[in-house]
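K.L.:
I'd like to ask you about the structure that follows.
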Amino acid sequence: MSDHKTMTLTLIVWRQKNASDPGKFETYTAKNITEHHSFLEMLDCVNEDLILEGKDPIVFDHDCREGICGMCGFMINGVAHGPERGTTVCQLHMRHFKDGDELYLEPWRARAFPIVKDLAVDRSAFDRIIAAGGFITAPTGSAPDGNAILVPKERADISMDAAACIGCGACVAMCPNAAAALFTAAKITHLGVLPQGQPERYQRAIAMVAQASHEAFGYCTNIGECEAVCPKSIKLEVIARMNRDFLKALVTGRGASGHA
Ligand code: SF4
Ligand code: FES
């Protein structure tokens, strides 16, 4: 690749050894970056240079690098997953940046997501919200006939759209309240609109909302920053569905018995 097609960028990166370390920004240069590099590949290049210099590489979470696992994510110039809508940071490419750009990289900042190191945070609070109610009662044994329970197309579409949530945590990071409403509501919705999700529908809403509160996430005030940065374009309407099921459970007492 010839020189005129490469970029040099300045990265101002949050470095923090562990949750109790105060942390600070450090400046690095990303050299010989092409428009074809993904953002994480660009960081790989910076890390290779740091390792060659005998320095500590920048820690960031990643796994699939295909936008499906939910492991990646940090703030780029104050925006969760960076400037491209509907895109995880692993799917973000350097063609969206230009030579000489100065980029501030920070971890998700929320009390419920303690920092592990640098740009990596502990999102196990999400796992505990799922464990509180993100399941259905299903018979074990051989797979049931796919047509045994018919699902209207409109219901299936709502469920599939909500099930696209990959649990990345960008919604929490971007929310001024650090609320986990979009995530929790997506998980409640994708089960709650299907026939298979009815037995625990109201119990699920109560249990998962309660767990989210217990995890020190804030409360949703309908600001909408979550929807704006969600890489899977989860819509705010799932929060309305969650609130409806939660209130219905409280008013009718169904949340305790679990019956729909
Ligand atoms: S709702 Fe969107 S931003 Fe939030 S965890 Fe799910 S995929 Fe990530
Ligand atoms: S690394 Fe899997 S979604 Fe980004």
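K.L.:
Working carefully through the options R244, R254, find the one that is away from ligand 1 (no atom under 12 Å from the Cβ), surrounded by fewer than 18 Cβ atoms within 10 Å (Cβ to Cβ) and over 13 Å from F135 (Cα atoms).
P.N.:
It is R244.
K.L.:
Being over 17 Å from A30 (Cβ atoms) and within 16 Å of ligand 1 (Cβ to nearest atom) is the filter here; which residues of the stretch 47-64 pass it?
P.N.:
D61, D63, C64
K.L.:
Suppose we keep only residues that are of a type outside the set (V, I, T) and open to solvent by less than 40 Å² (accessible area, probe 1.4 Å) within the stretch 71-85. Which one would you say is farthest from ligand 1 (Cβ to nearest atom)?
P.N.:
Here the answer is G78.
K.L.:
Assess whether I68 counts as being under 29 Å from R201 (Cα atoms), within 14 Å of ligand 1 (Cβ to nearest atom) and out of contact with any His (no Cβ under 7 Å at 6 or more places or on another chain).
P.N.:
yes
K.L.:
In addition: Scan the stretch 61-81 and give yes if some residue there is acidic (D, E), under 19 Å from the mean Cα position of the chain (by Cα) and closer than 25 Å to A178 by Cβ, otherwise no.
P.N.:
Yes - at least one qualifying residue is present in the stretch 61-81.
K.L.:
Can you confirm whether the stretch 91-104 contains a residue that is among the aliphatic types (A, V, I, L, M), within 16 Å of ligand 2 (Cβ to nearest atom), open to solvent by 10 Å² or more (accessible area, probe 1.4 Å) and in a loop (DSSP other than H, G, I, E, B)?
P.N.:
No, that holds for no residue.
K.L.:
Can you report the number of residues in the stretch 18-31 which are open to solvent by 100 Å² or more (accessible area, probe 1.4 Å) and under 24 Å from R95 (Cβ atoms)?
P.N.:
Number satisfying all stated conditions: 1.
K.L.:
Then there's this: Taking the stretch 136-163 on its own, how many of its residues are modelled with pLDDT of 90 or more, under 28 Å from A210 (Cα atoms) and open to solvent by 100 Å² or more (accessible area, probe 1.4 Å)?
P.N.:
The total comes to 2.
K.L.:
Within the group L194, L182, which residue is under 19 Å from the mean Cα position of the chain (by Cα), of a type outside the set (S, T, Y) and over 20 Å from G253 (Cβ atoms)?
P.N.:
Step by step, each of L194, L182 is checked, and only L182 is under 19 Å from the mean Cα position of the chain (by Cα), of a type outside the set (S, T, Y) and over 20 Å from G253 (Cβ atoms).
K.L.:
From the set of residues in the stretch 58-70 that are among the β-branched types (V, I, T) and more than 6 Å from ligand 2 (Cβ to nearest atom), which is most open to solvent (accessible area, probe 1.4 Å)?
P.N.:
V59
K.L.:
For the stretch 37-48, does any single residue satisfy the condition of being open to solvent by 40 Å² or more (accessible area, probe 1.4 Å) and either under 26 Å from A181 (Cβ atoms) or touching a Lys or Arg at 6+ places or on another chain (Cβ under 8 Å) (or both)?
P.N.:
No, that holds for no residue.
K.L.:
Here are some conditions: (1) at pLDDT below 95; (2) in a helix (DSSP H, G or I); (3) open to solvent by 70 Å² or more (accessible area, probe 1.4 Å). S213 meets all but one. Which one does it not meet?
P.N.:
(3)
K.L.:
Also, quick follow-up: Could you give me the residue pairs with C-beta distances under 7 Å whose first residue belongs to the stretch 220-249 and is under 19 Å from G197 (Cβ atoms), whose second residue is within 16 Å of ligand 2 (Cβ to nearest atom) wherever it lies, and which are 6+ apart or on separate chains?
P.N.:
I234/A164; I234/C165; I234/A186; V238/A186
The values are calculated or read from the model by the stated rules, or taken from the named source; none is laboratory data. All of these numbers come straight from a predicted model, not from anything done at the bench. Quick reminder, even Gly has a Cβ in these numbers, built from the backbone with ideal geometry, and neighbours come from all protein chains shown. When the accessible area is computed, the model is the full protein with side chains, heavy atoms only, and any ligands, DNA or RNA have been set aside. Shrake-Rupley method; radii C 1.70, N 1.55, O 1.52, S 1.80 Å.
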